[in-house]
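Below you'll find the structure, written out as structure tokens, and then a few comments.
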Amino acid sequence: FALGKTIHGMAFTQFDGIIHWDQAGWNETDGFPSEIRAALLVDVEARTKDQIKQMRDYFVEHEPLITQQAEELKMARAQVSEFKKSIPTMVISRAVAPREIRILDRGNWMDESGEIVQPAIPEFLGSLQIGERRVTRLDLANWLCDSENVLTARTMVNRLWYLMFGRGICSSVDDLGGQGTFPSHPELLDHLAVEFIESGWDIQHLLRQIAMSATYRQTSNASPELEALDPFNELFARQGRFRVSAEMVRDTALMISGLLVEEIGGPSVKPYQPEGYYDQLNFPRRNYVPDQGDNQYRRGVYTHWQRTFLHPMLKAFDAPSREECTAIRAQSNTPLQALTLLNDPTFIEAATMFASRIMREGGTTVDERIEWAYRTAVSRPIDAVIAEELRTIQTEHLRHYVQEPDLAKALVSAGEQSSTAELDPAEWASWTSVARVILNLHETINRY
């Protein structure tokens, strides 16, 4: 006879004492272990909890679909574990009971008789609505971005205005306190601060508002009378003139030459750097190897930064050492900057590739190529005086490199992208000289 049974959702069929799985994915023809056989032969109502557990475990252990999924789950957990091990960790301190802070009499840290003080914000900036409990760092963070806080929005707006005009509405960008300078347009600062808060602290929205304003769209040219009246452009009656940041100086040369790789994100990259620059660094000693391929032409913001030994090109153009917070960078104009633009391997390679563009895309005559090169670099037509100077440079250098072919080949072979196979080396070298001058122009590295 045959007797069908359903046990906790699992269907079995018994034939003459040999148990077969039914609706479970396979047939077991060799029989079950003795304890499982015994459990199956017991009436359903009479089975003990141990017998039911043994049957369930046996089913889970031998069902192919379940074992496959269990193996996949095990592999997934192993991958998650390996990923967690690869995540960098940092040392942090655990929160402990805050220590007692007192006012020190004449700075004497051994005198414990002073009044106990509690953390708080400056009284003239309001108060924190926290009841009787002690203020926490989270309370400070919430207050910094509170719409009632008059400080944060104004500070951020002033810094964004500085980025757009070269000076802030309050010229002391790093100090909006009582020791800073008074805003030249306090109503404008208040208006933009309110706009910034009401937009949900949307930086792109605020930058768009500034960029579309009539003030931003002004020319940087000014009459002698206006320059005498407002030499520092405090009235914002004209657009500002200022050199772009160090990273953007390099980006500008790479963009003009066609070398710039605009990939976003990723690890730091190592452009060309003088050999032995890290010789003074120990524990451990650094071995700087410049990157190859696209990484050599990434934006300057991705350049490897060795704290006080930052890249020489960035240092020459006033990039900070990052040893302390810098809200506003220094602006200098030194001979070292001109030498960097002329001799740094990155800029030589950029000039070489820009020269190849001039020869391929700039037209057929010298005048057409000079006009095209200047307009490509500074986005305006060339003046006759400048055109004449560049024409003279191209002519004289062409004559020189025709007589010195080895020097011409050495110049146009700089960097990874250069090649002397397609263009005449002497002519290419002469246009490289023109390109080096254009990349060194005041107009090229300054924002007008």
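Could you figure out which of (1) modelled with pLDDT under 85; (2) touching a helix residue (DSSP H, G or I) at 6+ places or on another chain (Cβ under 8 Å); (3) part of a helix (DSSP H, G or I); (4) not basic (Lys, Arg) isn't true of Val150?
All conditions are met except number (3).
Being surrounded by fewer than 10 Cβ atoms within 10 Å (Cβ to Cβ), over 30 Å from Leu138 (Cβ atoms) and not assigned by TED's automatic domain parsing to the domain that holds Arg37: is that true of Met90 here?
Details: surrounded by fewer than 10 Cβ atoms within 10 Å (Cβ to Cβ): yes; over 30 Å from Leu138 (Cβ atoms): no; not assigned by TED's automatic domain parsing to the domain that holds Arg37: yes.
For Met90, the condition - surrounded by fewer than 10 Cβ atoms within 10 Å (Cβ to Cβ), over 30 Å from Leu138 (Cβ atoms) and not assigned by TED's automatic domain parsing to the domain that holds Arg37 - is not met.
If you check Tyr288 against the conditions, is it within 28 Å of the chain's Cα centre (by Cα) and modelled with pLDDT of 90 or more? Quick ask: steps written out before the conclusion?
Values: within 28 Å of the chain's Cα centre (by Cα): yes; modelled with pLDDT of 90 or more: no.
Criteria not met by Tyr288.
Right, Ser321: out of contact with any Phe, Trp or Tyr (no Cβ under 8 Å at 6 or more places or on another chain), among the polar types (S, T, N, Q), free of Cβ contacts under 8 Å to residues at least 40 places away in the same chain and closer than 30 Å to Asn287 by Cβ or not? Before you say what the answer is, go through the steps one by one.
Details: out of contact with any Phe, Trp or Tyr (no Cβ under 8 Å at 6 or more places or on another chain): yes; among the polar types (S, T, N, Q): yes; free of Cβ contacts under 8 Å to residues at least 40 places away in the same chain: yes; closer than 30 Å to Asn287 by Cβ: yes.
When the stated conditions are applied, Ser321 passes them.
Report, ordered by the first and then the second residue, all pairs with beta carbons closer than 7 Å, sequence separation of six or more or different chains, a first member in the stretch 177-194 that is assigned by TED's automatic domain parsing to the domain that holds Leu160, and a second member that is acidic (Asp, Glu) and part of a loop (DSSP other than H, G, I, E, B).
Filtered contacts from the stretch 177-194: Ser184/Glu234.
What are the pairs, 6+ residues apart or on separate chains, where a residue within the stretch 78-106 that is part of a loop (DSSP other than H, G, I, E, B) has its Cβ under 9 Å from a residue that is basic (Lys, Arg)?
Taking only residues 6 or more apart or on different chains, the pairs are Pro98/Arg134.
Within the stretch 85-96, which residues are modelled with pLDDT of 85 or more and either among the hydroxyl-bearing types (Ser, Thr, Tyr) or under 25 Å from Val135 (Cβ atoms) (or both)?
Ser86
I need the full set of residues from the stretch 351-387 which are farther than 22 Å from Arg250 by Cα, assigned to a helix (DSSP H, G or I) and without any contact (Cβ under 8 Å) to a residue 24 or more places away in the chain, in order please.
Arg360, Glu361, Glu368, Glu371, Ala384, Val385, Ile386, Ala387
Residues checked against (1) within 22 Å of Ala338 (Cα to Cα); (2) crowded, with 16+ Cβ neighbours inside 10 Å:
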position: Ser220; (1), (2): no, no
position: Ser223; (1), (2): no, no
position: Glu234; (1), (2): no, no
position: Arg243; (1), (2): yes, yes
position: Ala246; (1), (2): yes, yes
position: Asp251; (1), (2): yes, yes
position: Val261; (1), (2): no, no
position: Pro271; (1), (2): yes, yes
position: Pro274; (1), (2): yes, no
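The values are calculated or read from the model by the stated rules, or taken from the named source; none is laboratory data. Please read these numbers as outputs of a predicted model, since none were measured by experiment. Please note: Cβ atoms are built from the backbone with ideal geometry, for glycine as well, and neighbour counts cover all protein chains shown.
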